[in-house]
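The values are calculated or read from the model by the stated rules, or taken from the named source; none is laboratory data. Everything numeric in this text was worked out from a predicted model, so none of it was measured. What goes into the accessible areas is simple: the full protein's heavy atoms, side chains included, and nothing from ligands, DNA or RNA. Shrake-Rupley method; radii C 1.70, N 1.55, O 1.52, S 1.80 Å.
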Amino acid sequence: MKTGLKKRFRILIGLAATLIIIQLFDTLTGGTLSNFGILPRYAQGLIGIPLSPFLHGNWGHLFSNLPVLLVLSALLMAHSIRYYVLASLFIIFMEGTLVWLFGRTAIHIGASGWVFGLWGLLLANAFFLRRAKDFFFAILVFVYYGGIVFGLLPWQEDISTEGHIFGVISGLIFSWLSKKWAITSYTQ
């Protein structure tokens, strides 16, 4: 296995392990970590901006986000690890900030905003970057995860639709910035 592929694989395993260990700790402490989610317009809710994607309400919540997060992360790492990290940080912080500013008053947790951001980014890259690889990834993402669009509709009260919508917006903006600033030109 090439060094670059090994590195990407280790990052994905590390991400999965981190999320599982955090959920295990949260389960063992009776869900106390959920209090560190985003609580819109309250100062104590600001800590949730970087933490909320790593916190989940239960194991079902985690395992509904984890597989798609890993697949979309792997696709995005085909650009470069640096691009993936920059995109993820941008999405997490922008989506979280928008939820904090405009979200309904509730504790928002889970990686779904990050997932929706990666999804939007991979689709938008086909439009903004116009490379064969990006068109191929957009087709894959649309075919396999096109149904994710229904997560943008406010169907259930206990799901942060705001996080989903702001995640997509964050991914679209990062894709546009990628073209404007040539962010994807960096390797590894």
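The table below lists the values:
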item	result
Length added when fully stretched, F127-R82, from 0.36 nm per residue minus Cα-Cα	14.1 nm
Most mobile of Q44, Q156, Q23 in a GNM of the chain (Cα contacts under 10 Å)	Q156
Residue-normalised accessible area of the chain, given per residue in Å² at a 1.4 Å probe	52 Å²
Within straight-line cross-link reach of K179, lysines at Cα separation under 23 Å, skipping those fewer than 8 residues along the same chain	K133
Added length on full extension, which subtracts the Cα-Cα distance from 0.36 nm per residue, K179 to F135	14.4 nm
Per residue, the convex hull volume that the Cα atoms of the chain enclose (Å³)	115 Å³
Within a Gaussian network of the chain (alpha carbon springs, distance under 10 Å), most fluctuating of G103, G60, G31	G60
